[in-house]
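Inspection log for the structure reproduced underneath, given as structure tokens.
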């Protein structure tokens, strides 16, 4: 994250400015998740994309500046822009980032609280 005012960023606390300059999307997601204390894991097909002939493809990057968003809102926006979503196994603290299933209903980032 380049120019981010992140001190004390909590789940529903707005951050004044979030600015990303050609940062790989997985890095953006990791940084935003860290702001709210979430542990994320990626489907390897997202972090090592390949074409149909198994040739490497570039990892998508983000070049955006957002104002007055919570880290969760920025995370959801980043996921939506790339056709990705987060899933969670109940009782497991790790959130998995996967490609959206086009047949599945729209999902938002709302991890279940752990006990």
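The table below lists the values:
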{"read-out": "In segment 31-53, residue surrounded by the most Cβ atoms within 10 Å (Cβ to Cβ) [restricted to those that are under 14 Å from residue 71 (Cα atoms) and out of contact with any strand residue (DSSP E or B) (no Cβ under 6 Å at 6 or more places or on another chain)]", "value": "32"}
{"read-out": "Yes/no for residue 62 being in contact with a helix residue (DSSP H, G or I) (Cβ under 8 Å, 6 or more places away or on another chain), part of a helix (DSSP H, G or I) and at pLDDT 95 or above", "value": "no"}
{"read-out": "Residues located in segment 31-59, provided they are part of a strand (DSSP E or B), under 13 Å from residue 95 (Cβ atoms) and out of contact with any helix residue (DSSP H, G or I) (no Cβ under 9 Å at 6 or more places or on another chain)", "value": "41"}
{"read-out": "Filtered residue count, segment 71-83, keeping only those that are without any contact (Cβ under 8 Å) to a residue 60 or more places away in the chain and either part of a loop (DSSP other than H, G, I, E, B) or over 18 Å from residue 22 (Cβ atoms) (or both)", "value": "6"}
{"read-out": "All positions within segment 20-30 that are assigned to a strand (DSSP E or B) and buried (at least 16 other Cβ atoms within 10 Å of the Cβ)", "value": "20, 23"}
{"read-out": "Residues of segment 67-109 classified as within 12 Å of the chain's Cα centre (by Cα) and at pLDDT below 85, total", "value": "2"}
{"read-out": "Considering residues of segment 69-101 that are under 12 Å from residue 38 (Cβ atoms) and in contact with a strand residue (DSSP E or B) (Cβ under 7 Å, 6 or more places away or on another chain) only, the residue surrounded by the most Cβ atoms within 10 Å (Cβ to Cβ)", "value": "71"}
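The values are calculated or read from the model by the stated rules, or taken from the named source; none is laboratory data. These numbers come from a predicted model, not from an experiment. All Cβ positions, glycine included, derive from the backbone under ideal geometry; neighbour counts span all protein chains shown.
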